[in-house]
Structure formats: structure tokens, C-alpha cells
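Before any comments, here is the structure.
Nothing in this text is a laboratory measurement; each read-out follows from the coordinates by a stated rule. Note that this is a predicted model, so its numbers are computed, not measured. A quick note on method: Cβ atoms are made from the backbone with ideal geometry, for glycine too, and the neighbour counts reach across all protein chains shown.
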Amino acid sequence: MSTTGTVRVERVVTSGTFSLDGETFEVDNNVWLVGDDEEVLIVDAAHDARAIHEAVAGRRVTAVVCTHAHDDHVDAAADLAELTGAPVLLHPADQELWAATHPDRKPDGDLTDGQRISVAGIELQVIHNPGHTWGSCSLHAAFLDTVFTGDTLFHGGPGATGRSYSDRPTIEASIRDRLLTLPGETVVRTGHGDDTTIAAERPNIPIP
């Protein structure tokens, strides 16, 4: 049985494109593996299923969790699920975005606010964070003093809201009410770029 003593976070950076509203951009994505020597949870299957599967290194994959359904965060999800046998989990409010990338395959299960997902003897709690997309979610791993925020909160402030399925006041309220209430030392593991902390980002979120 897995034990919490060896639980760790691993980062895999993959490269590809992000397309929405008729535009396409080159992007590097953070893919997160949370677990121990026996099993892992994958957060955001971006671009390269083979590279992610190689990083899994034979461990059992308990789930592929999608923080949101922009194509650069889910384009490898179906292939990775096939390689590992793990279910793909997504908040239902992002089903339309998901279908744009995977029209012939639905996610295997829903993410819901407050849901707890277990891996390697610890739990991650789902926090619904609409704004970047309507179904955006973060995963809070209290045991690891870590929160995985996808594209909701970055080093320097909120994620982008200038495209379809997004809204600036919504993301700011979502971060303020649901993320900045976490302990200040909580490490923020983002969908792109460098880590930050909750304390470091508090001054970057407008107060209404």
C-alpha cells in the first residue's frame, strides 16, 4: 500500500500549440505528476502522451485530471488514458470545450467542487474556479502545501480572460474567494511557467 512518506510532485514540461477563437499560439505546458513510487495522479495531459507516460515510469495512474478543457491542457488526455487505463476527469461546465478537441470521446467522470481525489495515501480537494473557463478547477493538496491551479492563477496574477468562455471579474472573485484563503505558504503549481505562493499573489488580485 502507498505511504505518504514518499509522496512527491514531479513536473514534466511539454510543448505544442493552443488554439481558440481562430488563433493559434506556441506554448509550453506544465504537466504535474503527484504520487509515490507505486501510483501517480496526472494533472493536465498536455501535448505529448508518450513523454508523460515515460515520466510515469510504470507506476499505476489513478486518474488524468484536467484543470480545464483548453486544447493545450487536454490534447493528450485520450491517448494517455488509453496508454494507462486511467479515467479522465473534467468539470462538466467545460464539456463544450472538450468536445472541440475530442469530439468522439467524452471524459470518464466529472470533477465537482469539494470532491476529494486520493492518490498514494493523500487526498487532493477539487476547488471549482470559474473565470478562465467556466469549468476551471484547482486541486489543493494540503499534505504537500501545494495547489495546482491550471491557468487560473499564475506567477504574477490571474490567468487570461480575453477569449471565449472566460470572464475577468469572475476569475478575480474566484481566486480571491477560493484560493487566497489558503495558507500563504501554499505553493502554487501553475499550468505554464514558474511556481509561486499564495502569499506572493495576494497583492496581485484586485480588491473590489
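Extension gain for HIS155 to ARG116 (0.36 nm times residue separation, less C-alpha to C-alpha distance): 11.5 nm. Projecting the Cα positions of GLN115, GLY22, ALA100 onto the charge dipole of the chain (unit charges on Cβ atoms of Lys, Arg, Asp and Glu, taken about the Cα centre) puts GLN115 furthest along the positive direction. For the stretch 65-185, the Kirkwood estimate of hydrodynamic radius, built from reciprocal distances between every pair of different alpha carbons, is 14.7 Å. Rounded to whole numbers, the Karplus 3J(HN,Hα) couplings from phi for the stretch 157-163 are x, x, x, 5, 9, x, 10 Hz, using 6.51 cos²θ - 1.76 cosθ + 1.60 with θ = phi - 60°, and x at Gly and Pro. Taking amide H as placed 1.01 Å from N in the peptide plane, the amide H of VAL119 sits under 5 Å from that of LEU124, each at least 5 places away or on another chain.
Amide H contacts of THR67 (H built 1.01 Å from N, in plane; Pro and chain starts excluded): ASP44 sit under 5 Å, all sequence-distant by 5 or more or on other chains. In sequence order, the stretch 197-208 has phi-based couplings of 10, 4, 4, 5, 8, 4, x, 8, 10, x, 9, x Hz under the Karplus curve 6.51 cos²θ - 1.76 cosθ + 1.60, θ = phi - 60°, and Gly or Pro positions carry x. Between ASP104 and ALA200, the contour length at 0.36 nm per residue exceeds the Cα-Cα span by 30.4 nm.
Using only helices, what value at 222 nm comes out for the chain when you add -39,500 (n - 2.57) per DSSP H run of length 4 or more and divide by the total residues, to the nearest 500 deg cm²/dmol? Don't skip to the end; give the middle numbers.
Numbers: 6 runs with 42 residues, N = 208.
The helix contribution divided over the chain gives -5000 deg cm²/dmol.
Could you tell me which label, among [x] 0.94; [y] 1.17; [z] 1.21, carries the value of Cα Rg over 2.2 N^0.38 Å calculated for this structure? Comparing each candidate, only [x] matches the computed number. Compared with the alpha-carbon gap, the fully stretched path from GLU123 to SER15 is longer by 36.0 nm at 0.36 nm per residue. For THR146, the residues 5 or more places off, or on other chains, whose built amide H falls under 5 Å of its own are ALA141, VAL187. Here the Karplus curve 6.51 cos²θ - 1.76 cosθ + 1.60, taken at θ = phi - 60°, turns the phi angles of the stretch 110-118 into couplings of 9, 8, 10, 4, x, 4, 10, 10, 9 Hz, with x standing for Gly and Pro.
Magnitude of the Cβ-charge dipole of the stretch 4-204, K/R +1 and D/E -1, about the Cα centre, nearest 20 debye?
Values: 14 positive and 33 negative charges, 87 e Å.
Result for the stretch 4-204 is approximately 420 debye, rounded to the nearest 20.
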